Amino acid sequence: MTNDRGRNRVVIESVLPEIDGGRFPIKRVIGEPIVVQADVFGDGHDVVDCILLHWQEGSSAIHEVPMSPLFNDRWQGQFVVQQIGRHYYTLVAWIDRFQSWLHDLKKRASTDPDIEVNLKIGADFVHSAAKRAKGELASWLRSQAEWMTGTEPMDVRLQAAIDPELTQRMRPLSDRRFATRYDKELAVVVDRKKAQFSTWYELFPRSWSETPGKHGTFKDVVRQLPRISAMGFDVLYLPPIHPIGRTYRKGKNNQINATSDDVGSPWGIGASEGGHTAIHPALGSLEDFQHLVQCARKQGMEVALDIAYQCSPDHPWVTAHPEWFRRRPDGSIQYAENPPKKYQDIYPLDFESEDWQRLWQALADVVYYWINQGVLIFRVDNPHTKAFPFWEWLIGDIKAKHPDVIFLSEAFTRPKVMYRLAKLGFSQSYTYFTWRNTKQELTEYFTELTRTNLQEFFRPNLWPNTPDILPEFLQWNGKAGFMMRLVLAAMLGSNYGIYGPAFELCEHVPLAPGKEEYLHSEKYEIRQWQFGGVNDLTDFISRVNRIRHENPALQSDRHLHFHPVDNPELICFSKYDPTTRNRIVTVVNLNPNHKQAGWIDLQLAELQLEDDRPYQMQDLLAGGYYLWHGGRNFVMLDPQVVPAHIFRVRQYVRTEQDFDYFM
């Protein structure tokens, strides 16, 4: 053998977090800890030691973190990353000969007839470590070794050998010649914090003109920014802003035949005015768009753009690159279908094209173009209908140059497909929350998302409605139903969004019975939104978003926990932030039509609360303070008043000076 692998006596296995054997990276944001666990053990009874190595891609600096044993040969260590980009981590473990010697010495020192020899062995380990040390540490170790083999009484020499300071100083100087290095270098993609905590508001710019019936512009949207920002939204999401095709343009309510006055669907991208890097002339100029982006930033918001990789029949690519589209036997291009829905105004791109490399580059150029205009957040339309290798290449290429870019995957599809897209690089993902209504459904689904390996790579973004989806629940349950779904989305998810005006005004009329589409959908016509009526939720939404921004516990999904309630119509869950000790408990009445009451069994350990001390429950939504004792407490919620409690929890503390306060 030409190496020392035969003398590697330590095994490293069952490493977590690790996605698909290290094939895909985990995800974190700046300042978020990465806790690593592994089974680490060696043959025989020698003492094993283990370290965690981590480094940023492209950097020569490798950082070491000591790991600690937990139980049954399980070890744990953690590190925190403070720079966005791609980082790596792995483990190294070895037999620590000094610690093994010390372990045996402590067990038999008083009865060991060879104590002098054993102290000499230990002193040799310390002398060897001194050769690897520098300066004061090297001198101190040599001195300690001399004490161990000197002429002082045996109890003094033994005390020098078992000195905790010696143990501490020896650990980083262990002889690692035969160390085992884990055979994978595991990746972590570190995003800026908005990838973990964001609040989205979607609107169609064309519907915001102050003149009824007139096509709205970017300038009209600028006038709305203070109102949207004041509601607590930090991402303004715009559907496609490009020229809309005229061939097979859809009419109102998705009618096949459009009139000359119909504005068409923004997702029918491309016309004589241009394609994916052009702006619909009625919305304004490129300078107007750049001004909107700048004004949004001044209001504490970012503009997110829709990336929809599809073309109208009038898109310039259709004539310039016919090889990028799939043709039927009669020579016509295959339009998009999602049976029974047909989208004659949209041509999907062919990712099996012979010219796939130029197609990929053209699609990447679209994203780079809008990054150059100041956009760093993209909501991607139907990514599950495009090739997986394309997304891995595209997102990897863009984030290597612009690591602050965020991609939201709009893939309402099969779970494994959704999860694969997240593994490939999407920063956030739409979820099934839109259709999870019962206590059992919500509890099981969010336990899966936040308490399994999914939490390492899948960041949920919860939407109670979208322009495409008016869920049946919202059609039948009135204002209370909208309020209840908003609280669930905003409290369960650190990332959530609403299709803004329709949700604010409790828009609930479907296209037809049994349909989850809006009547007079804004996708196909210009709407005029009038605020201030009895169904206006602006103030309620503002209050909920303010609670989100003021409480760090709600800005992550990592400490979500469900608590038992004896009424199936009531759901109770908490979030806890270990750094600030911020605790939030949310109780929601899932029946929007009737008052519900029940007993909560609050599991105090999940909130780091002590059983024998009272704690204060401040209702941030409805107002009021309550003093609770123990885990079992009674709640009652009338949905016609407010369908939820959002409690901030503070533990009662008494100091030595008998000064009482809540923490």
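So, in Å, what gap is there between the alpha-carbon centers of segment 564-604 and segment 295-373?
If we compute the Cα centre of each part, the gap is 44 Å.
Would you work out what percent of the accessible area of segment 41-196, with all protein chains in place, is carbon or sulfur (probe 1.4 Å)? Mind dumping the intermediate values first?
Numbers: 4360 of 8500 Å².
Roughly 51 percent, rounded to a whole number.
As I understand it, the dipole of the chain uses +1 on the Cβ of Lys and Arg and -1 on the Cβ of Asp and Glu, about the Cα centre. Which of Tyr576, His103, Phe503 lies farthest toward its positive end?
Phe503
In square nanometres, what is one fourth of the surface area of the convex hull spanned by the alpha carbons of segment 457-518?
For segment 457-518, the mean projected area of the Cα convex hull comes to 4.3 nm².
Report, for the chain, the % of DSSP beta bridges that are antiparallel, rounded to 5.
Antiparallel bridges: around 75 percent, rounded to the nearest 5.
Reported to two decimal places, what Rg/Rh ratio describes segment 353-496 when computed on Cα atoms with Rh from the Kirkwood expression?
My calculation puts Rg/Rh at 1.02.
Compare the Cα positions of Thr586, Phe390, Ile307 along the charge dipole of the chain (+1 at Cβ of Lys, Arg; -1 at Cβ of Asp, Glu; about the Cα centre) and return the one farthest towards the positive end.
Working it through, the farthest residue towards the positive pole turns out to be Ile307.
For segment 228-372, with only Lys/Arg (+1) and Asp/Glu (-1) charged at the beta-carbon, what is the dipole magnitude about the Cα centre, in debye rounded to 20?
On the way: 12 positive and 18 negative charges, 75 e Å.
The calculation lands at about 360 debye.
Can you give me the % of accessible surface on segment 356-462 that is carbon or sulfur? Probe 1.4 Å, all protein chains present, nothing else counted.
Heavy-atom surface of segment 356-462 belonging to carbon and sulfur, 1.4 Å probe: 53 percent.
Using only C-alpha positions, report the orientation-averaged shadow area of the convex hull of segment 228-365, nm², one decimal.
With every direction weighted equally, the projected area is 10.4 nm².
Quick check: from the Cα gyration tensor, does segment 148-200 come out rounded (a/c under 1.5), prolate or oblate?
Taking the square roots of the gyration eigenvalues as a ≥ b ≥ c, segment 148-200 is oblate.
I'd like the carbon and sulfur percentage of the solvent accessible area for segment 198-294, probe radius 1.4 Å, heavy atoms only, ligands and nucleic acids excluded. Please list the in-between numbers first.
Values: 1810 of 3650 Å².
That fraction is 50 percent.
Measure nothing fancy, just the Cα-based angle from helix 538-550's long axis to the longest principal axis of the chain, in degrees from 0 to 90, nearest 10.
20
Between segment 172-213 and segment 447-513, what is the separation of their alpha carbon centroids in Å?
Result: 22 Å between the Cα centres.
In whole percent, what relative contact order does the chain give with Cα contacts below 8 Å and a gap of six or more residues? Intermediate values should be presented prior to the final figure.
On the way: 1330 pairs, mean separation 65.4, N = 663.
About 10 percent, as a whole number.
Could you work out the Kirkwood radius for the chain, taking every pair of different alpha carbons, averaging 1/r and inverting it, reported in Å?
Hydrodynamic radius (Kirkwood, Cα only) of the chain equals 28.6 Å.
Would you mind estimating how fast segment 561-619 diffuses translationally, via Stokes-Einstein at 10 °C and 1.306 mPa s with the Kirkwood radius over Cα pairs, in µm²/s?
126
Set Lys and Arg Cβ to +1 and Asp and Glu Cβ to -1, take the dipole of segment 128-182 about its Cα centre, and tell me which of Ala160, Ser174, Leu137 lies farthest positive.
Farthest towards the positive pole: Ser174.
Name the long-range amide H neighbours of Asn382: under 5 Å, sequence gap of 5 or more, or other chain; modelled H, no Pro or chain starts.
Those lying under 5 Å, H to H, from Asn382 are Glu410.
Cα extents of segment 521-628 along the three principal axes, largest first, in whole Å?
59, 34, 26
Looking at segment 294-451, send over the antiparallel percent of its DSSP beta bridges, to the nearest 5.
40
Would you mind working out the accessible area per residue for the chain, using a 1.4 Å probe, and quoting it in Å²?
44
Among 95-107, 145-157, what's the highest-first ranking by average C-beta atoms within 10 angstrom per residue?
Ranking the peptides 95-107, 145-157 by packing returns 95-107, 145-157.
Determine the relative contact order of segment 294-423: mean sequence separation of Cα pairs under 8 Å and six or more apart, normalised by residue count, in whole percent.
The normalised contact order for segment 294-423 reaches 26 percent.
For segment 125-167, calculate the relative contact order in percent as a whole number, restricting contacts to Cα pairs under 8 Å that are 6 or more residues apart.
29
Measuring from the lowest to the highest alpha carbon on each principal axis, how far does segment 82-197 reach, largest first, in angstroms?
64, 28, 27
Taking the Cα centre as origin and putting +1 on Lys and Arg beta-carbons and -1 on Asp and Glu beta-carbons, what dipole magnitude results for segment 586-638, to the nearest 20 debye?
200
As I understand it, the value is the acute angle between the Cα axis of helix 218-230 and the longest principal axis of the Cα atoms of the chain; what does it come to in degrees, rounded to 10?
50
Assign unit charges at the C-beta atoms only (+1 for Lys and Arg, -1 for Asp and Glu), then state the dipole size of segment 536-663 relative to its Cα centre in Debye, rounded to the nearest 20. Before the final figure, lay out the partial values.
Values: 13 positive and 17 negative charges, 55 e Å.
Charge dipole of segment 536-663: 260 debye, to the nearest 20.
The values are calculated or read from the model by the stated rules, or taken from the named source; none is laboratory data. Because the structure is a prediction, the values reported are computed rather than measured. Positions of Cβ are backbone-derived with ideal geometry, glycine not excepted, and every protein chain shown enters the neighbour counts. Please note that ligands, DNA and RNA were not included when accessible areas were found on the heavy atoms of the full protein model with its side chains. Shrake-Rupley method; radii C 1.70, N 1.55, O 1.52, S 1.80 Å.
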